[in-house]
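The values are calculated or read from the model by the stated rules, or taken from the named source; none is laboratory data. Quick caveat, the model's predicted, so the values are computed rather than measured. Every residue, glycine among them, receives a Cβ derived from its backbone with ideal geometry; neighbour counts consider all protein chains shown.
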Amino acid sequence: MATGGRNGSARPATINDVAAAAGVSRQTVTRAMNDLPDVSAATKQRVQDAAARLRYRPNRAAQRLVRGGDVTIGFVVGDLRNPYYPELAAELTHRAAERDWSVVMTDVSGRRGSERVDSIAGRVDAVVGHLARERRELVTSRVPTVLLADDASGVARVRFDYGKAMKAAVSHLVGLGRRRIAMIDAEHGPSLRAELLRGALEEKGMPSSALVSAPDTHAGGIQAVEALLQTWPETDAVVCFNDVLAVGALKGFARAGIRVPDDVAVIGVDGLDIGTLVTPELTTLAVDMRAVARHAIDLVDALLRGENPDALHRSVAHTLVLRESA
């Protein structure tokens with residue numbers, strides 16, 4: 001049977017539930033379910049009876065960890081056209097390969113995104129990725145999952161400390177003498193990053209920033225600059241949701257005859273390689289992709305070994321990388 005969730009809903013039984021019902025440790029359940037030595041016949045039977053009552057289904061990846069064999073991780077990405085995802089995928093693949101694990105990737109943008117989420121959950125041993133709230137249940141209820149998210153609870157996750165990042169950006173811009181700091185946000189904002197930027201400005205006694213939202217593309221960054229210059233032409237600094245929008249913003253300001261950084265400073269978020277390929281080179285709040293990948297793989301390993309997802313979370317900070325745009 002299923003056990004009760006936090007909100008009264010049913011959830012699949014876990015290895016910890018079986019251990020509690022059989023009166024043994026989680027490790028003993030693992031050894032009994034995998035028919036390993038050093039477990040008495042009576043204990044093995046008690047564990048199997050408890051598993052049957054609870055309708056517990058052993059995780060096939062956890063069995064591989066015990067018996068040896070390959071583990072496949074599904075990496076869920078928002079949009080492969082955004083270079084953030086290929087850069088992170090490369091690091092994730094490298095960290096997985098160190099354990100002889102495999103990684104498959106699926107792009108969940110577009111109308112059939114939910115179908116692709118549902119499909120990959122049935123084909124892999126664990127999932128890592130950025131998942132919209134409405135799609136998380138498709139995965140977390142079926143397969144061990146590590147979310148790269150700040151707004152998740154009750155699930156293993158790697159979170160990003162955008163609060164410190166936005167404070168670093170504002171401190172730098174204020175130090176440059178900038179006083180009219182705007183935000184180019186992702187579509188369907190305001191995002192958490194925009195809210196944290198506003199809070200960082202308030203701490204400095206700065207006026208609330210202008211906020212323009214745009215599609216998460218280079219073209220979106222250009223469009224956002226056009227809108228920003230119409231609504232708040234006195235802008236002297238812009239913090240962008242990510243580097244993709246920031247690179248578009250650089251082009252938008254150039255088209256408008258506005259000099260970066262002389263007239264307006266621009267800061268992106270993520271620290272992507274594309275920031276060094278434009279002129280002026282992009283100042284950015286860079287995230288350590290290697291650290292994100294390492295944490296994600298470690299959390300997958302912990303999940304497959306039966307650890308409680310509630311206790312599995314890591315945090316990654318950003319570093320302000322100063323280049324030419326701010």
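Pull out all pairs, ordered by first then second residue, where Cβ-Cβ is under 6 Å, the residues are six or more apart or on different chains, the first lies in the range 293-304 and is not assigned by TED's automatic domain parsing to the domain that holds Leu92, and the second is of a type in the set (D, E, K, R) and at pLDDT 95 or above.
Listed pairs, sorted by first residue: none to list.
Here's a check for you: in the range 268-286, which residue that is among the aliphatic types (A, V, I, L, M) and in contact with a Gly (Cβ under 6 Å, 6 or more places away or on another chain) is surrounded by the most Cβ atoms within 10 Å (Cβ to Cβ)?
Per the stated criteria, the residue is Leu282.
Between Val170, Val143, Val174, which is of a type in the set (Val, Ile, Thr), surrounded by fewer than 22 Cβ atoms within 10 Å (Cβ to Cβ) and assigned to a helix (DSSP H, G or I)? Explain how you work it out, then say what you get.
Numbers: Val170 fails: surrounded by fewer than 22 Cβ atoms within 10 Å (Cβ to Cβ); Val143 fails: assigned to a helix (DSSP H, G or I).
From the options Val170, Val143, Val174, the qualifying one is Val174.
If I ask for residues that are small (Gly, Ala, Ser) and surrounded by fewer than 23 Cβ atoms within 10 Å (Cβ to Cβ), which ones from the range 294-326 would you list?
Hits for the range 294-326 are Ala302, Gly306, Ala311, Ser315, Ala317.
Please go through the range 75-93 and pick out each residue that is outside any loop (DSSP other than H, G, I, E, B) and either on the phi > 0 side of the Ramachandran plot or out of contact with any helix residue (DSSP H, G or I) (no Cβ under 7 Å at 6 or more places or on another chain) (or both).
The answer is Tyr84, Tyr85, Pro86, Ala89, Ala90, Thr93.
With respect to Asp216, is the statement that it is in contact (Cβ under 8 Å) with a residue 40 or more places away in the chain, under 21 Å from Lys251 (Cβ atoms), assigned to a loop (DSSP other than H, G, I, E, B) and not hydrophobic (A, V, I, L, M, F, W, C) true?
yes
Only one residue in Ala61, Ala2, Ala50, Ala22 is buried (at least 20 other Cβ atoms within 10 Å of the Cβ), of a type outside the set (Asp, Glu) and at pLDDT below 85. Which one?
Just a single option satisfies the conditions, and that option is Ala61.
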